[in-house]
Amino acid sequence: MAQLTSDVEKHTALYVEAFNRSDADAVNAMYTEEAIAVWEPGNPLTGQERIDSVKEFLASNPKMTAVARQVYVTGDTALLIVDWKIDTTDENGEPEHLEGAGVDVLRLGEDGNWRYAIDDPYGEQVK
């Protein structure tokens, strides 16, 4: 079950909880319908492709830690800079450690809850 929040400061923690439960439905509920996710730099995903990608990735039971370093809110839009780490397994079953500084844009829905509009976990990397 998705735990959405009207408190943008709590959004990251709720996302991490759902992610660490491998609850793909709860994670996907934390995105707007038209959300863009850029989990691989240069490869934005939307719609069913984004939804399926969450389900596929969470099937390997990855574990995440994440802390919002900066949070800026103006009206119904928020910008979060998030430091995150994920421990998972690669396609060969070998341990894999991922980390980065994400740039996330959240939108406040008509129901009063925040959802990702843009999720770019590698957004702060210099290419």
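Every number here is computed from the coordinates shown, using simple stated rules; none is lab data. Here the structure is a predicted model, which is why all the values come from computation and not from measurement. Cβ atoms come from the backbone with ideal geometry, glycine included; neighbour counts cover every protein chain shown.
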Number of Lys pairs in the chain closer than 20 Å at Cα, excluding neighbours under 8 places apart unless interchain, is 6
Spin-label zone in region 4-36 - amide nitrogen under 18 Å from a point set 7 Å from the Cα of residue 48 along the C-beta vector: 25, 28-29, 33-36
Using a Förster distance of 30 angstrom, determine the FRET efficiency expected from the C-beta separation of residue 83 and residue 6, and round it to 0.05. 0.80
Which longest uninterrupted range of the chain lacks any GluC sites (Glu not before Pro) assigned by DSSP to a loop state (not H, G, I, E or B) and surrounded by at most 16 other Cβ atoms within 10 Å? 1-90
Charge dipole magnitude, Cβ of K and R +1, D and E -1 - the chain, Cα centre, debye nearest 20: 300
